[in-house]
Amino acid sequence: MEEKSLDFLFNNVSLYTKERFEIFKLEEDEYHLNKEEFEKFKKYIGINKEKIITYCHKCKKEFPFNIQVKYIDFMTDINFTTENMIITESFANGVAGRVDVKKGNIWGAMPPYKKEKLYNNKIWYIEYLFECTNNSQHRYLMMISIELKDGCFIVRKIGQNPSMLTIKGFDFDKYKNILEKLNAYDDYKKADLSNADHFFVGAYAYLRRIFEKLILFYLGEAKLDDNHMDTKINFVKDKFDPRIRGLLKNLYGILSKSIHELDEDESKEYYIYLKTVIDMQLEYMNTEEEKEKQSKRLGKILNEIAGLIQ
């Protein structure tokens, strides 16, 4: 499993996904520092990190990106040399506890902290500017929030430009010819775009439409006893990639549910399943089409050779 670093946060984490770090563990009415979780947290938000590695969608290649950071709602020290997350109330004999996010340490009042001293529901923001080392004009932007709640730092990615979809370079045109035959090219693009924006119900709805068009494509002019989806799938199942014929039965239950019956979590799960089936089938269709083209080319060559021999 890939280490959960700043690179992972930028390259793999979808918007509004939460990552929890139990930095302070409550024991007998006191919050104690969990050093291991603190180290994981620092790595995740990139404290002391100078570069990330990611794909530059303009250079069309992976490069290191330099990091510039802007801190919002942090407290700057008197010499403007560092930024602090104030995590406790003030103490009579010293300054409040704070996390120095440039040096990666805790100072001021040190843990353990009395339960009532550690702040709750406090929030900070970090904005990252990433510049491609191959061309400094190629830039990415990301923003995260950090919330302190019940001793945990909860990190959310709340913004990214360009989108992960652009950076990862989704290849919509790989199956374009086949999708256009199905009249499903726009549906395919909209499904991935909706999924990237966390609109899972909409993403799944587009995939359902693609699958239905796929079934109709194979049915052609065939007349069936009824119009049920399971009847249609049974009739055309031999047209599917042998690897996924066994998966088709599970689609009966998934596709029989109305979109209005599904919540976002169910739609997300169904999306993954249905997307896998559709992509495998598109790859299978693409391969079969290439085989047919190659067979025709070879046939033509053999006919030409046969003509020369005669």
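Could you please let me know if Glu289 is out of contact with any Lys or Arg (no Cβ under 7 Å at 6 or more places or on another chain) and free of Cβ contacts under 8 Å to residues at least 24 places away in the same chain? So Glu289 does not fit the description; no. Filtering the stretch 115-135 to residues that are at pLDDT below 95 and farther than 18 Å from Leu33 by Cβ leaves only Asn121. On inspection, Glu289 does not qualify as out of contact with any helix residue (DSSP H, G or I) (no Cβ under 9 Å at 6 or more places or on another chain) and among the acidic types (Asp, Glu).
When the stretch 218-241 is filtered for residues that are under 31 Å from the mean Cα position of the chain (by Cα) and aromatic (Phe, Trp, Tyr), only Phe240 remains.
Is it the case that the stretch 168-177 has a residue that's in contact with a Gly (Cβ under 7 Å, 6 or more places away or on another chain) and either at pLDDT 90 or above or surrounded by fewer than 16 Cβ atoms within 10 Å (Cβ to Cβ) (or both)? No, the conditions are met nowhere in the stretch 168-177. Residues that are of a type outside the set (Gly, Ala, Ser), touching a helix residue (DSSP H, G or I) at 6+ places or on another chain (Cβ under 7 Å) and closer than 18 Å to Phe10 by Cβ do occur in the stretch 120-127.
Filtering the stretch 1-17 to residues that are surrounded by 12 or more Cβ atoms within 10 Å (Cβ to Cβ) and touching a strand residue (DSSP E or B) at 6+ places or on another chain (Cβ under 9 Å) leaves Lys4, Ser5, Leu6, Asp7, Leu9, Phe10, Asn11, Val13, Ser14, Leu15, Thr17. Residue pairs whose Cβ atoms lie under 7 Å apart, sitting 6 or more positions apart in sequence or on different chains, and linking a residue in the stretch 43-70 that is assigned by TED's automatic domain parsing to the domain that holds Ile144 and surrounded by 14 or more Cβ atoms within 10 Å (Cβ to Cβ) to a partner that is in a strand (DSSP E or B) and hydroxyl-bearing (Ser, Thr, Tyr), are Phe65/Thr54; Phe65/Tyr140; Ile67/Tyr128; Val69/Tyr128.
Only one of the listed residues (Ile72, Ile23) is of a type in the set (A, V, I, L, M, F, W, C) and out of contact with any helix residue (DSSP H, G or I) (no Cβ under 9 Å at 6 or more places or on another chain). That residue is Ile72.
Applying the selection to the stretch 35-77, what residues are among the aromatic types (Phe, Trp, Tyr) and either in contact with a Ser or Thr (Cβ under 9 Å, 6 or more places away or on another chain) or in a loop (DSSP other than H, G, I, E, B) (or both)? Steps first, answer last, please.
First, the residues of the stretch 35-77 that are among the aromatic types (Phe, Trp, Tyr): 38, 41, 44, 55, 63, 65, 71, 74.
Selection gives Tyr44, Phe63, Phe65, Phe74.
Being of a type outside the set (Lys, Arg), assigned to a helix (DSSP H, G or I) and modelled with pLDDT of 85 or more is a description that does not apply to Leu298. Would you mind telling me which numbered condition in (1) under 30 Å from Ile278 (Cβ atoms); (2) surrounded by fewer than 14 Cβ atoms within 10 Å (Cβ to Cβ) Asp192 fails? Against the list (1) under 30 Å from Ile278 (Cβ atoms); (2) surrounded by fewer than 14 Cβ atoms within 10 Å (Cβ to Cβ), Asp192 comes up short only on (2). Here Gly108 qualifies as without any contact (Cβ under 8 Å) to a residue 24 or more places away in the chain, touching a strand residue (DSSP E or B) at 6+ places or on another chain (Cβ under 8 Å), surrounded by fewer than 20 Cβ atoms within 10 Å (Cβ to Cβ) and not hydrophobic (A, V, I, L, M, F, W, C). Exactly one residue among Lys213, Lys232, Lys190 is in the same structural domain as Asn286 (by TED's automatic domain parsing) and under 17 Å from Tyr270 (Cβ atoms), and that residue is Lys190.
The values are calculated or read from the model by the stated rules, or taken from the named source; none is laboratory data. Predicted model, so just to flag it, every value in this text is computed and none were measured. Because the Cβ atoms are built from the backbone with ideal geometry, glycine has one as well, and the counts that use them run over all protein chains shown.
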